[in-house]
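The values are calculated or read from the model by the stated rules, or taken from the named source; none is laboratory data. Bear in mind the structure is a predicted one, so any value in this text is a computation, not a measurement. Glycine also receives a Cβ, built like all others from the backbone with ideal geometry; neighbour counts cover every protein chain displayed.
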Amino acid sequence: MKIGLITKEWPPHIYGGAGVHALQLTQALRSSIDVDVHSFGAAREDATSHQLPSEFTSLNPALAALATDIEIAQAVEGVDLLHSHTWYANMAGHLGGLLHGIPHVITAHSLEPDRPWKAEQLGGGYQISSWAEKTAYEAADAIIAVSNGMRADVLKAYPQLDPAKVHVILNGVDTKDFAPTIDPSVAEPFGINGRYAIFIGRITRQKGLAHLLRAWKSVNPDVGLVVAAGNPDEPGIGAEIKTLIEDLQSERSNVWWIEERLQLSQMKVLLSGAELFLCPSIYEPLGIVNLEAMACETAVLASRVGGIPEVVEAGVTGELVDYNGDGTSFESEFAEAANRLLAQPELLAKYGKAGRKRAIENFSWSAIADQTIELYAQIIAKRK
């Protein structure tokens, strides 16, 4: 069996959970089958890269993605099945499948209809990305949802889909890479000291960072806040987050903003050193970073949206706060929960240990790879 896996992100350019998923799934799959990776961007190791021609660099990002998709579709001949990740790559899988007569599987990491704020980033390109996703989903041989919540979202967004085509295979975490790790030299360059909670994620509406920063004004000032966040979707959200962080920093000396992407060696140390990981997302199909925090034995405080409740077991590995669209209420409840948890270090330690145990037992990449290969085999057999 030879699979063509198509992804926008590949090392060293990974900036989100979908890229982490594509990399770690590929690593697990390659222990059993042949995987030919096609990625966007400049040449890199272990993948065939497709760089946008210079004359296309002025295109709207959605059009630029389609231009790269066309090149990938031409190049994926000779595999048994195509597997694409995110709307950026879905059209490459769709066109490649049509061109070469091979099945196409999509992993649903997020959905354009559920992210209207993407219009801020893409302008009219949001209509193009939405069209591309809908077209690819409705034609795909199978769709893998990374959580049960995501499966429900897929069927709601695209009601014409046959529910039998939408399969749940959860995201995973490498619990060898992500494990409790102590190294004081990592925090020192950032000036981080004392007690702290941590947020790690992109600067995008769906991560709810603005809600967290407003909520933190009501959290015990003795506890610091580390915000590892960069790569804003567009200038507006970038400026808003910058203002909110600077406002907090004007009142507290223990708020640290890390804009550059953390290396794995840094990330696991900062997660391990935190008393609490914070995930205030307003939209989250699963949330790999919650798994990474749990694997580092860090308790999690998250919003009860999407697939998060399937990862963070409320009252066992952390706690959840309801989000129903009322930002002010959510911020107040999130702050209250943070204060209550941070006042109970023994409970946080208990949640942390339970979190690592859950990550090891329920989210191993080897099991996820086995489920994925089984689905590949079923889809390929149907085409014969």
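Evaluation of Arg261 against the conditions (1) touching a Gly at 6+ places or on another chain (Cβ under 7 Å); (2) among the basic types (Lys, Arg); (3) at pLDDT 95 or above shows that the sole unmet condition is (3).
Scan segment 166-181 and give yes if some residue there is out of contact with any Leu (no Cβ under 8 Å at 6 or more places or on another chain) and closer than 30 Å to Asp326 by Cα, otherwise no. Give the steps one after another, and end with the answer.
So the first thing to find is which residues in segment 166-181 are out of contact with any Leu (no Cβ under 8 Å at 6 or more places or on another chain), and the list is 168, 174-176, 179-181.
The next check asks that each one be closer than 30 Å to Asp326 by Cα; those that pass are 168.
The answer is yes, given that some residue of segment 166-181 is out of contact with any Leu (no Cβ under 8 Å at 6 or more places or on another chain) and closer than 30 Å to Asp326 by Cα.
Contact map, segment 367-384: first residue closer than 14 Å to Leu5 by Cα, second residue assigned to a helix (DSSP H, G or I), Cβ cut-off under 7 Å, separation 6 or more or different chains; pairs are Ala369/Leu25; Ala369/Ala28; Ala369/Leu29; Thr372/Leu25; Thr372/Leu29; Ile373/Leu29.
Could you say which residue among Glu297, Glu260, Glu292 is acidic (Asp, Glu) and either under 19 Å from Gly327 (Cβ atoms) or under 15 Å from the mean Cα position of the chain (by Cα) (or both)? Step through it out loud before you land on a result.
Working: Glu297 fails: either under 19 Å from Gly327 (Cβ atoms) or under 15 Å from the mean Cα position of the chain (by Cα) (or both); Glu260 fails: either under 19 Å from Gly327 (Cβ atoms) or under 15 Å from the mean Cα position of the chain (by Cα) (or both).
Just a single option satisfies the conditions, and that option is Glu292.
For segment 225-243, a residue qualifies if it is buried (at least 20 other Cβ atoms within 10 Å of the Cβ) and in a strand (DSSP E or B), and the qualifying residues are Leu225, Val226, Val227, Ala228, Ala229.
Filtering segment 254-291 to residues that are over 22 Å from Asn362 (Cβ atoms) and β-branched (Val, Ile, Thr) leaves Val255, Ile258, Val269, Ile282.
Restricting to segment 127-140, name every residue that is crowded, with 20+ Cβ neighbours inside 10 Å and either in contact with a strand residue (DSSP E or B) (Cβ under 7 Å, 6 or more places away or on another chain) or not β-branched (Val, Ile, Thr) (or both). Give the steps one after another, and end with the answer.
At the first step, the residues of segment 127-140 found to be crowded, with 20+ Cβ neighbours inside 10 Å are 128-130, 132-133, 136-137, 140.
Correct list: Ser129, Ser130, Ala132, Glu133, Ala136, Tyr137, Ala140.
Residue count for segment 311-335, restricted to those that are touching a residue at least 40 places away in the same chain (Cβ under 8 Å) and acidic (Asp, Glu): 2. In segment 25-36, is there at least one residue being surrounded by fewer than 13 Cβ atoms within 10 Å (Cβ to Cβ), at pLDDT below 95 and within 30 Å of Trp365 (Cβ to Cβ)? There is at least one residue in segment 25-36 that is surrounded by fewer than 13 Cβ atoms within 10 Å (Cβ to Cβ), at pLDDT below 95 and within 30 Å of Trp365 (Cβ to Cβ).
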